[in-house]
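Following: one structure in structure tokens, then a few remarks.
Nothing in this text is a laboratory measurement; each read-out follows from the coordinates by a stated rule. Every value quoted in this text rests on a predicted model; they were computed, and no experiment measured them. Methodologically, a virtual Cβ is constructed for each residue, glycine included, from the backbone with ideal geometry; neighbour enumeration extends over all protein chains shown.
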Amino acid sequence: MRVLVIEDDSTLGRGLQEFLVQQGYAVDWLPDGEQVVGAVSAQSYDLLLLDLNLPGRSGLDVLSELRAAGHHEPVLILTARDGVEDRVAGLDAGADDYVTKPFELAELAARVRAFARRRVGLPQPLIEAGPLVFDTVSREVRIHGERLSLSVRELSVLEMLMTRAGRVVTKRQIVNSLSAWDADFSENAVEVYVYRLRKRLEGTGVSIQTVRGFGYLLNIDSVA
């Protein structure tokens, strides 16, 4: 999942970016609202974290411009304003949820996970594909009850394949979803991670099929 953080406080902005990367997301950060519409127009995002108190232009103005331009990405507002009228104004402007500063990172992570589940239509934090079970809260994958030891990138690629089990996922979709602006992540890197996942899934009853010219498909084999 790719996230855009719009936060003028550089310490908080970078901190949120690093924290969410550790959670397995690709994260970009902007320190003001001037470039948001351009960034969202140039790149597909699954979630925007938007501070209301931005320099020059308020977060509400940015949000209104996004919605007026036809952008429907989910928006989670970050605000130090805890009045009911401020929260109502944000939701009425098109926000999907909000957290009040100061907030606990654990709460923010839970809200982001909820958006991630909603994006793929999951009613619960577990993603299941045959004998594979991915717990999106603990970020652990188990197969036949045994935990798979995977890197953050491997987990993220496998999560994409599991949420789209039975459908082709292209290399470009993986790169766009998992690569931030400053990340060295290419389609060649995707091939490396898929190769590693195939090795770890050998003999488990789950396989990753290459669909030439398109991408990858997670298969649940008939015989485990």
Notebook entry, point to check: What full-extension length gain, to one decimal in nm, is calculated for Val88 and Arg212 as 0.36 nm per residue of separation minus the Cα-Cα distance?
Noted result: 39.7 nm
Item checked: Lys199 paired with Ala106, simple spin-label distance in nm, labels 7 Å along Cα-to-beta-carbon -> 3.6 nm
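Rounded, prolate or oblate: which fits region 1-64 when a ≥ b ≥ c are the square roots of the eigenvalues of the alpha-carbon gyration tensor, with rounded for a/c under 1.5 and prolate only if a/b beats b/c?
Oblate, because a/c is 1.5 or more while a/b does not exceed b/c.
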Check: What's the Cα-based Rg to Rh of the chain, Rh via Kirkwood?
Finding: 1.00
Notebook entry, point to check: With a ≥ b ≥ c the root eigenvalues of the C-alpha gyration tensor of region 60-143, is it rounded (a/c under 1.5), prolate (a/b larger than b/c) or oblate?
Noted result: oblate
Checklist line | Max mean-square fluctuation residue, GNM over the chain, Cα-Cα springs under 10 Å, options Glu18, Glu85, Glu128 | finding: Glu85
Note to self: Which one, Val75, Val175, Gly90, is farthest towards the positive end of the dipole of the chain when Lys and Arg carry +1 and Asp and Glu -1 on their Cβ?
What the structure shows: Val175
Checklist line | Size of electric dipole in region 126-220: Cβ of Lys, Arg +1 and of Asp, Glu -1, about Cα centre, debye, nearest 20 | finding: 260 debye
Check: What shape does region 2-119 take by its C-alpha gyration tensor, where a ≥ b ≥ c are the square roots of the eigenvalues and a/c under 1.5 counts as rounded, a/b above b/c as prolate, and the rest as oblate?
Finding: rounded
Notebook entry, point to check: Given R₀ = 22 Å, FRET efficiency for Glu140-Val168 by Cβ-Cβ distance, to 0.05?
Noted result: 0.25
Next item on the list: Give me Trp29, Trp181 ranked fewest to most by other Cβ atoms within 10 Å of their Cβ, as a rough exposure proxy.
Entry: Trp181, Trp29
Margin query: As I understand it, the value is the acute angle between the Cα axis of helix 105-119 and the longest principal axis of the Cα atoms of the chain; what does it come to in degrees, rounded to 10?
Written below: 70 degrees
Next item on the list: Report the antiparallel proportion of the DSSP beta bridges in the chain as a percent, rounded to a multiple of 5.
Entry: 55 percent
Check: Quick one: of the DSSP bridges fully inside region 2-119, what percent are antiparallel, nearest 5?
Finding: 0 percent
Notebook entry, point to check: Can you give the angle from 0 to 90° between the axis of helix 59-68 and the longest principal axis of the chain, with both taken from C-alpha atoms, to the nearest 10?
Noted result: 60 degrees
Notebook entry, point to check: If you take the charge dipole of the chain about its Cα centre, with +1 on Lys and Arg Cβ and -1 on Asp and Glu Cβ, which of Leu218, Leu50, Leu108 is farthest toward its positive end?
Noted result: Leu218
Next item on the list: Fewest Cβ neighbours within 10 Å first, please rank Thr136, Thr100 accordingly.
Entry: Thr100, Thr136
